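A short write-up of the structure that comes next.
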Amino acid sequence: MTNITDAPQPAPILEVRGLSVGFAPGKNVLHDVSFDVRPGETLALVGESGSGKTLSCRAVLKLLPKAAQIRSGSILYRDATGEIEPLTLSPRALRAFRGDKVSMIFQQPMHAFSMMHTAGDQVGEVLRLHSDLSAREIKDTVLRTFETVGFTDPERVYGAYPFELSGGMRQRAMIAMATIGKPRLIIADEPTTALDVTTQAMVLGLLKKLQSETGAALILVTHDLGVVANMADQVAVMKKGRVVESGRADLILGSPWHSYTKRLIAAAPEIPTDPPVAAPETQPGPLLEMTNVSRSFVLRSKLPWSRPQTFAAVSDFNLTVPRGATVAIAGESGSGKTTCARIALGALPPDPGGSVIYRPRNAEPIAVHELTPQTRTAFQRQAQMVFQDPYSTLNPRMRIREALCEPMEIHGIGTPAERLARAEEVLGWVGLSGDMLGRYPHAFSGGQRQRLSIARALMIGPEFLVCDEPTSALDVSVQAQVLDLLAELQEKLGLSYLFISHDLAVIAQIADEVAVMRQGVIVEQGPPAMLFNNPQHPYTRALIAAQPEPDVQRPIDLAAVARGAGDPAEWPAAYRLTDNALPPLRAVEGPHRVRAHA
Amino acid sequence: MIRLDDGRYVAPEDDRPEEFATLADTPEARLSLHRLTLRRFARHRLAMISAIFLLTCYLLLPLVGFIAPYGPNTRNAEHIFAPPQLIHIFHDGGLNAPFVYPISGEANLAEYRWDYTADTDAPQSLRWFCPGDPYKLAGLIPSQTHLFCAPDDTTVFLWGSDRLGRDVFSRILYGAQLSLTVGLVGIAISMGLGIFFGAIAGYFGGGLDYAIQRLIEILRSIPELPLWLALSAAVPSHWGPVSVFFAISIILGLLDWPGLARAVRAKFFSLREEDFVQAAEMMGAKPSRIIRRHLLPNFRSHLIASAALSIPSMILGETALSFLGLGLRAPAVSWGVMLNDAQHLSSIEIYPWTALPMLPIIIVVLAFSFMGDGLRDALDPSET
């Protein structure tokens, strides 16, 4: 390790020393947590869910759940005007401290605003509480702040209600709210986790810009090492309520010392800069062919007498899933990827003209776009789905045994004893043991539930699985395990996957072919090696550029993000999508195709 | 913490094995949510006491004939509007078997009321396990044995007697049989209807939902009390008390289901979106199976809580109808029928014990409310 002479550093603005917190009768959930934040610097608190990172930063504002008790430790806030110990403040002094000296950015921008008040009103509230400005001055300040957080039309946002703003705009408004009182310390609790990756990139860029302008210190709570690499000066890695490693970001990410840090960094998926080109395989036959699939929905019109509008969720969608392969659909929220999955599973019929043909190994092809009751049953035995949310995918009132045996019961397969034997076998496949059959879902962790969900899908022996963001709700280390499991099962059972995800790094790891979607159309399609090595479409480039990498040397390229992530009507002329002109998919090189005008 | 040369602080490695494999091995892992809920409920003291009290009440219902010293309609012409008598055990400084002082009444013609005086010189011991008015245990086994009876030539009116000289205590016990069960029958009917309509509206949505919603709105727009009155008035007056009892329960049940149906519908709408319901659909489960196996079990506990909270309104409904003379009729005994006798202010003023049936109504309604609240809290997932 390199020897660094300690440069004279400014006194920390916040010192947390030996903080231990526990819940009423229980053991400590935070053990002896210490960290410092220096003015103008960013400290990242990193850890998986349940590691206590949120609790530690909320303790700074004494925003703890009722049952939480601070068992020992101290917190000291220090600025030019003096020193404050938030843990000892009276409720009144605490209110003055919050928002004025320290402010907070919450994870869920949806829930952090009241729907009954305009954005301007809520952002200005900080000033009404903590300053003696007049209403006029407050409005001016709010508008100025809106401008600095990147709203092009601050007046409109000022009068807008939170539900009229998109997720990214809401998070900007949240940042405006957190910075308007010119706090010296901002605590951001997973500020970008709920956002799309391009929006995340821009919000992170904004936070960084504001921080360099105001010189405020920032505590960033996150589970994403890529975000850490882009933002943090200092890092504290937390595990089960303890800080296991803390220090300079480049050191921790570059040469992790603690085994847990090493594991975290190893588990973080990356888009390979130079992915190995897969050896050309013998072409297996197609399993599922989606041709000319479009799907539009009729929107209820605003006025009862005006004509209903149609909204095209998916248009001109062609995709083939080869037998035994993984095809991934990548896209951000609203890109139409889930609609495609539902069409592929026959849960939603495509508009007339589209066809979805499923070719089972030993039977007649099934027309999924026009299922009859008989073919539907046959198709359901072939195609199953794995859902996103591990907490909602299992019925909390059913034992694992019942949940696993249910598909066989529905299809009338086997005797109860055979079903049970099958359930034990499949549980073994997903790495769980048969003695868990008598338990209820609440006894399992998120990753285990996702394994159970996969096991349930496999019970009736399907060949085709649609995985709708199966890992996006999981911690990175668990995500890696589930992805490995999926790959292992594919090899063992010859499964084919249609894999839906917003995370290009996950897709790069698992897919044989990728289709990038935006606004209901595939903008670029090809094997990951070609797509990630030589992205053509500005939107694909933006997605790749926006992906935060856990490497301090590879910061997010905000310019590339800005070029591709905007409105498809403002893309460069060759790629522009307008209402009446949909450019065709053109071959770039072999199977790699991009949607562009000639 | 160890300080490294480069300024980093690190915690020593812990060698403990990874814990995620053992996560499911807590003692709670094998418990169903029901058992966990029961556990949380048991921590709710007031609700637990209420539940035990109500359980005792219902278990005692078949035995009221044995506990009550008199029959429900046994008249004591000599003791009209007798005040409550105390059971004593001390007489002249000595400890005795439980006894009462005989009372004798005379008409006070100046104030036009009955005055009773107790003869404190002649204590009369209660008789135990004695023959008395005939009754049927649990409505089936004929018997004459009572837990205790009045001494041979006097009376034991624990809570006084009414205008016909009937024992208020015995009548309250007998009244409980009808008053407490009218709620159960009514709630069974209203739950059946509510679950059925709410489930199909919530699961299928669309036009069916629309039709059911409008039906509910129409039912709710009808003023409740006049409708009750009209329906009760339609019950033929020559029907026996049991038929009238069922007619009243059915009327109460028929009018009570819309609230429950709405709750079921709203819950179904949100449950429908859960992934496990979609998973079942993808597996090919039929709607009836999804409703039975996936939706209702997740809703069962809410149903129990809401039933517990709506039984009081049934009991109060019966009381109100009977009080107005349109519900149960004599010779049937219910708390409402008894209160019907207490309609005159003058009689309450002079003989306040005739209004005593209000007490069990208040206590039972409160107990149901406390228990329902406790259930609801215990079921609240945010508490887990």
*Scan the helices (runs of 4 or more DSSP H) fully inside the stretch B:138-253 and keep the ones with 2 or more residues being under 30 Å from B:VAL264 (Cα atoms), of a type in the set (Ser, Thr, Tyr) and over 22 Å from the mean Cα position of the chain (by Cα).*
B:206-221
*If A:ARG563 passes every condition in (1) open to solvent by 50 Å² or more (accessible area, probe 1.4 Å); (2) of a type outside the set (Gly, Ala, Ser); (3) within 13 Å of A:VAL327 (Cα to Cα) but one, which one does it miss?*
(3)
*Candidates A:ASP484, A:ASP503, A:ASP512 - the one that is open to solvent by 20 Å² or more (accessible area, probe 1.4 Å) and out of contact with any Ser or Thr (no Cβ under 8 Å at 6 or more places or on another chain)*: A:ASP484
*Hey, among B:ALA378, B:ALA332, which residue is part of a loop (DSSP other than H, G, I, E, B), in contact (Cβ under 8 Å) with a residue 60 or more places away in the chain and open to solvent by less than 20 Å² (accessible area, probe 1.4 Å)?*
B:ALA332
*asked:* So, in the stretch B:103-137, exactly how many residues are over 22 Å from B:PHE148 (Cβ atoms), open to solvent by less than 80 Å² (accessible area, probe 1.4 Å) and among the hydrophobic types (A, V, I, L, M, F, W, C)?
replied: 1
*If you take the residues of the stretch A:384-402 that are open to solvent by less than 10 Å² (accessible area, probe 1.4 Å) and more than 8 Å from chain B (Cβ to nearest Cβ), which of them is farthest from A:PRO441 (Cα to Cα)?*
A:VAL386
*asked:* Being part of a helix (DSSP H, G or I) and within 12 Å of chain A (Cβ to nearest Cβ) is the filter here; which residues of the stretch B:254-287 pass it?
replied: B:SER270, B:LEU271, B:ARG272, B:ASP275, B:PHE276, B:VAL277, B:GLN278, B:ALA279, B:ALA280, B:GLU281, B:MET282, B:MET283
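A quick yes/no check of all residues on (1) surrounded by 18 or more Cβ atoms within 10 Å (Cβ to Cβ); (2) closer than 30 Å to A:GLY226 by Cβ; (3) not β-branched (Val, Ile, Thr):
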position	(1), (2), (3)
A:LEU45	yes, yes, yes
A:THR54	yes, yes, no
A:PRO65	no, yes, yes
A:ILE70	no, no, no
A:ALA80	no, no, yes
A:VAL126	yes, no, no
A:SER131	no, no, yes
A:ILE138	yes, no, no
A:VAL142	yes, no, no
*Determine if the stretch B:234-244 includes at least one residue that is modelled with pLDDT under 85 and over 17 Å from B:ALA332 (Cα atoms).*
yes
_Residues of the stretch A:450-481 satisfying the condition of being open to solvent by less than 10 Å² (accessible area, probe 1.4 Å) and free of Cβ contacts under 8 Å to residues at least 60 places away in the same chain_ = A:LEU452, A:ALA455, A:MET459, A:THR471
*Which numbered condition trips up A:ILE252, out of (1) open to solvent by 20 Å² or more (accessible area, probe 1.4 Å); (2) without any contact (Cβ under 8 Å) to a residue 24 or more places away in the chain; (3) touching an Asp or Glu at 6+ places or on another chain (Cβ under 8 Å)?*
(1)
*Restricting the search to the stretch A:437-464, which residues are more than 11 Å from chain B (Cβ to nearest Cβ) and within 17 Å of A:VAL327 (Cα to Cα)?*
A:GLU463, A:PHE464
_Looking at the stretch B:346-361, can you tell me whether even one residue there is within 24 Å of B:VAL244 (Cβ to Cβ), modelled with pLDDT of 80 or more and over 20 Å from the mean Cα position of the chain (by Cα)?_
yes
*Does A:GLU418 satisfy being within 9 Å of chain B (Cβ to nearest Cβ) and modelled with pLDDT of 90 or more?*
no
_Quick test for you: out of A:ALA367, A:ALA378, pick the one residue that is aliphatic (A, V, I, L, M) and more than 13 Å from every other protein chain (Cβ to nearest Cβ)._
A:ALA367
*Quick one: in the stretch A:218-240, of everything that is over 23 Å from A:GLN9 (Cα atoms) and within 11 Å of chain B (Cβ to nearest Cβ), which residue is most open to solvent (accessible area, probe 1.4 Å)?*
A:LYS240
*Which fully enclosed strands (runs of 3 or more DSSP E) of the stretch A:510-596 have 1 or more residues being modelled with pLDDT of 80 or more and of a type in the set (S, T, N, Q)?*
A:521-526
*asked:* I'm trying to understand the selection: among the residues of the stretch A:361-374, which are of a type outside the set (Lys, Arg) and surrounded by fewer than 17 Cβ atoms within 10 Å (Cβ to Cβ)?
replied: A:ASN362, A:ALA363, A:GLU364, A:PRO365, A:ALA367, A:GLU370, A:THR372, A:PRO373, A:GLN374
_As an exercise: evaluate B:ALA230 against (1) loosely packed, with under 14 Cβ neighbours inside 10 Å; (2) within 14 Å of chain A (Cβ to nearest Cβ); (3) of a type in the set (A, V, I, L, M, F, W, C) and give the number of the one condition it does not meet._
(2)
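The values are calculated or read from the model by the stated rules, or taken from the named source; none is laboratory data. Nothing here was measured: the structure is a model prediction, and the numbers come from that model. Please note: Cβ atoms are built from the backbone with ideal geometry, for glycine as well, and neighbour counts cover all protein chains shown. Just the protein is used for accessible areas: all its heavy atoms, side chains included, with ligands, DNA and RNA removed. Shrake-Rupley method; radii C 1.70, N 1.55, O 1.52, S 1.80 Å.
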